[in-house]
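Student: I'd like to ask you about the structure that follows.
The values are calculated or read from the model by the stated rules, or taken from the named source; none is laboratory data. Note that the coordinates shown come from a computational prediction; the quantities given were computed from them, not determined experimentally. We place every Cβ from the backbone using ideal geometry, glycine too, and count neighbours over all the protein chains shown.
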Amino acid sequence: MNHRTNSYAGLLLIAGILVITPFFLPNSYYLDLAIRMVINAIIVLGLNLLIGYAGQISLGHAGFVGLGAFASAALPHHLGWPPLLAMFIGAAGTGLLAAAVAGPILRLKGHYLAMATLGLGIIINIVLRNESQYTGGPDGMPVMPLTVFGFEVSGDQTWYWIVATLLCISIWASLNLIDSPFGRALRALHGSEIAAQVAGVKVERYKAVIFVMSAVFASLMGSITAHHIGFITPSISDFPHSIELLTMVVVGGVASVYGSVVGAVLLTALPQALANFEGWETVAYGCILVSCMIFVPKGVVPTIANRFKKGH
Amino acid sequence: MLATFLQFVISGLTVGAVYALVALGFTLVYNASHVINFAQGEFVMLGGMLAALFIHSGTPPALAVVLAILIPALVGILMEKVAIEPIKGADTITLIIVTLGVSLIVRGIVQVALGKGTHTIPPFSGNEPIRILGATLPTQSLWVFGGTAVAVLLLWYFFSKTISGKAMLATAYNQVASQLTGINTNWVLMMSFALAAAIGAIGGVLVTPITMTSFDAGIMLGLKGFVAAVLGGMGSGPGAVVGGLLVGLIEATAAGYISSAYKDAIPFILILFILFFMPNGLLGKKATDRI
């Protein structure tokens, strides 16, 4: 679909930007913002594979982010598990949950699929808010620092290089996946499920695999967010956060790997940029969403790529 | 025992009636345009908030109620003209994000203009509840039932007896064919948003004396109304009403007997089960896929 916008040259460009960025950031506030952008970019990459390539909408992805975050917060705190183990158990648990519901949920289409994923996300959010003996309730709970083989990961500098490396690996993996037989099968089923099925694509299984994968991405990044911030509240799993993630996909460009990154960067920066509007930030955010959908419905990256192509 | 049960039924049917109105709003817009209007809940909030604003500023109650319904209807028309018409026929995801954007704008403006506080209006006919078999029935609940019934009857009359209503039904059935017979489908689209906003606002005005309202009350109301619409089978008018009442009843009884902390989760657990076992809702048509 956006084959031209999904070349490996972009990966080099992004890696270059990631390497030089820290040297241009005036203070730790911006480094913290950069870390959040990169974390969101990785979640959105996974979500975009699901939406753009498998053609399945998810209005509850923040639920998976929340599960990962609270696995990393609660398991070490209550059971004394090592944080790294908690992170992987969280990801595995989220993956299992996604796999368990994938069958019935992904059979649904259009607004029914939207409803089911939305419902799943909201249920996870309500559970996290209500089970206060484990999660601290609406006020949230502190998260222990991440220790890897005895070394404690701390400081924004360290976190930045970790998430930057993870982003490059994720982009590389996504590009490879899209160009593999698996990716082509996904695109086929996005075009027409029945045609894909007739051509021998195991539609159900492919959709389920990508759903589980994107859920695991989200969970791992939830864990990393939790360790980076050091404190976590259930609002990380709420409906508005799910919508934020979905918006990043659409503003950046559905089915565009680099669009995911650009969408995540733009929409993570936006609330910061609007913070001076005193009360009007919600209105401004809404106006920007609506105008984006009216004027660049295909997303920023594919639109620019098309312009560029026409210019030649 | 019976009294408690009856109490749950009363409160369940009261909020259920409001969910039914929200679900009808979803249905109207969905039939006219295949848009799932996530701003639907905001019209309920807007109705309640405006009624509170006008009544507390000394407007005669009857006029306040009329204004609290008319203004959201105008907002609905504005929304359709500015945000929906320019992108007619876009992807489901694009349309969903646009309606979410509009809901943020409405919520944000209300928050700035009227503050973050909780608002309420006095019940329409006093605070003295009626006692039935040990349970109390607030008179305002009767207003909610009556108001919902009147709104549903008016909608039924509009769609089955008037030319405009039939034009809207025809458009829902086949847009191109309707256009060919001379129906102004843009007008239909605009009307559906105006009607959806107005009946949402009616729900908001009616229920505010019982539940109170605030700038963020529209989110959950909208989502539960969506559950009700899907439960009844998206696109079915009677389904929306049945779905709304059922969601209200099940929510109230489950909250009462099982867990009140999980009250807000119950409609969503319910809808997941329904979708897993009856993917087309209770009264919906079987979906067919065009290849």
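Student: Determine if the range A:96-115 includes at least one residue that is in a helix (DSSP H, G or I), more than 9 Å from chain B (Cβ to nearest Cβ) and aromatic (Phe, Trp, Tyr).
Tutor: Checked the range A:96-115: no residue is in a helix (DSSP H, G or I), more than 9 Å from chain B (Cβ to nearest Cβ) and aromatic (Phe, Trp, Tyr).
Student: I've got another one for you. If I filter the range B:76-90 down to residues being crowded, with 16+ Cβ neighbours inside 10 Å and either in contact with an Asp or Glu (Cβ under 8 Å, 6 or more places away or on another chain) or not β-branched (Val, Ile, Thr) (or both), which single residue comes out as farthest from the other protein chains (Cβ to nearest Cβ)?
Tutor: Across the range B:76-90, the extreme among qualifying residues is B:76.
Student: Still on this structure, I have one more. What about residue A:70, is it within 19 Å of residue A:225 (Cα to Cα), assigned to a helix (DSSP H, G or I), of a type in the set (Phe, Trp, Tyr) and in contact with a strand residue (DSSP E or B) (Cβ under 8 Å, 6 or more places away or on another chain)? Write out each step before concluding.
Tutor: Values: within 19 Å of residue A:225 (Cα to Cα): yes; assigned to a helix (DSSP H, G or I): yes; of a type in the set (Phe, Trp, Tyr): yes; in contact with a strand residue (DSSP E or B) (Cβ under 8 Å, 6 or more places away or on another chain): yes.
Spelling it out, residue A:70 is indeed within 19 Å of residue A:225 (Cα to Cα), assigned to a helix (DSSP H, G or I), of a type in the set (Phe, Trp, Tyr) and in contact with a strand residue (DSSP E or B) (Cβ under 8 Å, 6 or more places away or on another chain).
Matching residues to (1) within 14 Å of chain B (Cβ to nearest Cβ); (2) out of contact with any Asp or Glu (no Cβ under 9 Å at 6 or more places or on another chain); (3) crowded, with 21+ Cβ neighbours inside 10 Å; (4) farther than 30 Å from residue B:115 by Cβ:
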site: A:258; (1), (2), (3), (4): no, yes, yes, yes
site: A:263; (1), (2), (3), (4): yes, yes, yes, yes
site: A:267; (1), (2), (3), (4): yes, no, yes, no
site: A:271; (1), (2), (3), (4): yes, no, no, no
site: A:274; (1), (2), (3), (4): yes, no, no, no
site: A:286; (1), (2), (3), (4): yes, yes, yes, no
site: A:289; (1), (2), (3), (4): yes, yes, yes, no
site: A:302; (1), (2), (3), (4): yes, yes, yes, yes
site: A:306; (1), (2), (3), (4): no, yes, no, yes
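Student: Can I ask one more? Which members of the range A:86-127 meet the condition of being over 16 Å from residue B:276 (Cβ atoms) and hydroxyl-bearing (Ser, Thr, Tyr)?
Tutor: A:94
Student: Look through the range A:155-207, keep the residues that are closer than 19 Å to residue A:19 by Cα and among the polar types (S, T, N, Q), and return whichever of them is nearest to the other protein chains (Cβ to nearest Cβ).
Tutor: Residue satisfying both the conditions and the ranking: A:170.
Student: Checking the structure you have, find out if any residue of the range B:67-75 is of a type outside the set (A, V, I, L, M, F, W, C), surrounded by fewer than 24 Cβ atoms within 10 Å (Cβ to Cβ) and either in contact (Cβ under 8 Å) with a residue 60 or more places away in the chain or more than 8 Å from chain A (Cβ to nearest Cβ) (or both).
Tutor: Filtering the range B:67-75 down to residues of a type outside the set (A, V, I, L, M, F, W, C) leaves B:72.
Checking which are surrounded by fewer than 24 Cβ atoms within 10 Å (Cβ to Cβ) leaves us with none.
Looking through the range B:67-75, none of the residues is of a type outside the set (A, V, I, L, M, F, W, C), surrounded by fewer than 24 Cβ atoms within 10 Å (Cβ to Cβ) and either in contact (Cβ under 8 Å) with a residue 60 or more places away in the chain or more than 8 Å from chain A (Cβ to nearest Cβ) (or both).
Student: State all residues of the range A:250-302 that are free of Cβ contacts under 8 Å to residues at least 60 places away in the same chain and hydroxyl-bearing (Ser, Thr, Tyr); if no residue qualifies, say none.
Tutor: Selection gives A:282, A:285, A:291.
Student: Among (1) assigned to a helix (DSSP H, G or I); (2) modelled with pLDDT under 90, there is one condition residue A:122 misses while meeting the rest; what is its number?
Tutor: With respect to (1) assigned to a helix (DSSP H, G or I); (2) modelled with pLDDT under 90, residue A:122 is out only on (2).
Student: Looking at the range A:77-93, can you tell me whether even one residue there is surrounded by fewer than 23 Cβ atoms within 10 Å (Cβ to Cβ), in contact with a Phe, Trp or Tyr (Cβ under 9 Å, 6 or more places away or on another chain) and either within 13 Å of residue A:237 (Cβ to Cβ) or of a type in the set (A, V, I, L, M, F, W, C) (or both)?
Tutor: Looking through the range A:77-93, at least one residue is surrounded by fewer than 23 Cβ atoms within 10 Å (Cβ to Cβ), in contact with a Phe, Trp or Tyr (Cβ under 9 Å, 6 or more places away or on another chain) and either within 13 Å of residue A:237 (Cβ to Cβ) or of a type in the set (A, V, I, L, M, F, W, C) (or both).
Student: Now a separate question. What's the number of the only condition in (1) among the hydrophobic types (A, V, I, L, M, F, W, C); (2) surrounded by fewer than 21 Cβ atoms within 10 Å (Cβ to Cβ); (3) in a loop (DSSP other than H, G, I, E, B) that residue B:113 fails to meet?
Tutor: So the condition that residue B:113 fails would be (3).
Student: Failed condition for residue B:96, given (1) within 14 Å of chain A (Cβ to nearest Cβ); (2) surrounded by 15 or more Cβ atoms within 10 Å (Cβ to Cβ); (3) modelled with pLDDT of 90 or more; (4) closer than 24 Å to residue B:195 by Cβ, with all others met?
Tutor: (3)
Student: When you check residue B:59 against the structure, is it more than 12 Å from chain A (Cβ to nearest Cβ), hydroxyl-bearing (Ser, Thr, Tyr), surrounded by fewer than 18 Cβ atoms within 10 Å (Cβ to Cβ) and farther than 21 Å from residue B:211 by Cβ, yes or no?
Tutor: Numbers: more than 12 Å from chain A (Cβ to nearest Cβ): yes; hydroxyl-bearing (Ser, Thr, Tyr): yes; surrounded by fewer than 18 Cβ atoms within 10 Å (Cβ to Cβ): yes; farther than 21 Å from residue B:211 by Cβ: yes.
Criteria met by residue B:59.
Student: Return yes when residue A:14 is of a type outside the set (D, E, K, R) and not in a loop (DSSP other than H, G, I, E, B) and no when it is not.
Tutor: Here the answer is yes, as residue A:14 does meet what is asked.
Student: Cβ-Cβ under 7 Å, sequence separation 6+ or interchain: first residue in the range B:198-220 and free of Cβ contacts under 8 Å to residues at least 12 places away in the same chain, partner in a helix (DSSP H, G or I) and not acidic (Asp, Glu). Which pairs?
Tutor: none
Student: Further question: Would the range B:226-240 turn up any residue that is under 30 Å from residue B:54 (Cβ atoms), touching a strand residue (DSSP E or B) at 6+ places or on another chain (Cβ under 7 Å), touching a residue at least 12 places away in the same chain (Cβ under 8 Å) and more than 13 Å from chain A (Cβ to nearest Cβ)? Give the steps one after another, and end with the answer.
Tutor: Residues of the range B:226-240 that are under 30 Å from residue B:54 (Cβ atoms), as a first pass: B:226, B:228-229, B:240.
Applying the additional criterion that residues be touching a strand residue (DSSP E or B) at 6+ places or on another chain (Cβ under 7 Å) yields none.
Looking for residues that are under 30 Å from residue B:54 (Cβ atoms), touching a strand residue (DSSP E or B) at 6+ places or on another chain (Cβ under 7 Å), touching a residue at least 12 places away in the same chain (Cβ under 8 Å) and more than 13 Å from chain A (Cβ to nearest Cβ), one finds none in the range B:226-240, hence no.
Student: Right, next: Looking only at the range B:101-149, which residues are touching a residue at least 60 places away in the same chain (Cβ under 8 Å), within 14 Å of chain A (Cβ to nearest Cβ) and under 18 Å from the mean Cα position of the chain (by Cα)?
Tutor: B:102, B:103, B:106, B:107
Student: Further question on the same structure: Of everything in the range A:224-246, what is of a type in the set (Gly, Ala, Ser), more than 26 Å from residue A:103 (Cα to Cα) and either buried (at least 24 other Cβ atoms within 10 Å of the Cβ) or touching a Ser or Thr at 6+ places or on another chain (Cβ under 8 Å) (or both)? Give them in sequence order.
Tutor: Hit for the range A:224-246 is A:226, nothing else.
Student: Sort through B:182, B:146, B:165 and tell me the only one that's surrounded by fewer than 17 Cβ atoms within 10 Å (Cβ to Cβ) and more than 26 Å from residue B:45 (Cα to Cα).
Tutor: Within the list B:182, B:146, B:165, the selection yields B:182.
Student: Scanning for something surrounded by fewer than 21 Cβ atoms within 10 Å (Cβ to Cβ), of a type in the set (Phe, Trp, Tyr) and on the phi > 0 side of the Ramachandran plot, does the range A:144-151 turn up at least one residue?
Tutor: Scanning the range A:144-151 turns up at least one residue that is surrounded by fewer than 21 Cβ atoms within 10 Å (Cβ to Cβ), of a type in the set (Phe, Trp, Tyr) and on the phi > 0 side of the Ramachandran plot.
Student: Would the range B:39-56 turn up any residue that is assigned to a helix (DSSP H, G or I), more than 10 Å from every other protein chain (Cβ to nearest Cβ) and under 24 Å from residue B:167 (Cα atoms)?
Tutor: yes
Student: May I pose another question? So for the range B:33-43 (the condition being over 11 Å from the mean Cα position of the chain (by Cα), modelled with pLDDT of 95 or more and surrounded by 24 or more Cβ atoms within 10 Å (Cβ to Cβ)), does at least one residue qualify?
Tutor: Within the range B:33-43, none of the residues are over 11 Å from the mean Cα position of the chain (by Cα), modelled with pLDDT of 95 or more and surrounded by 24 or more Cβ atoms within 10 Å (Cβ to Cβ).
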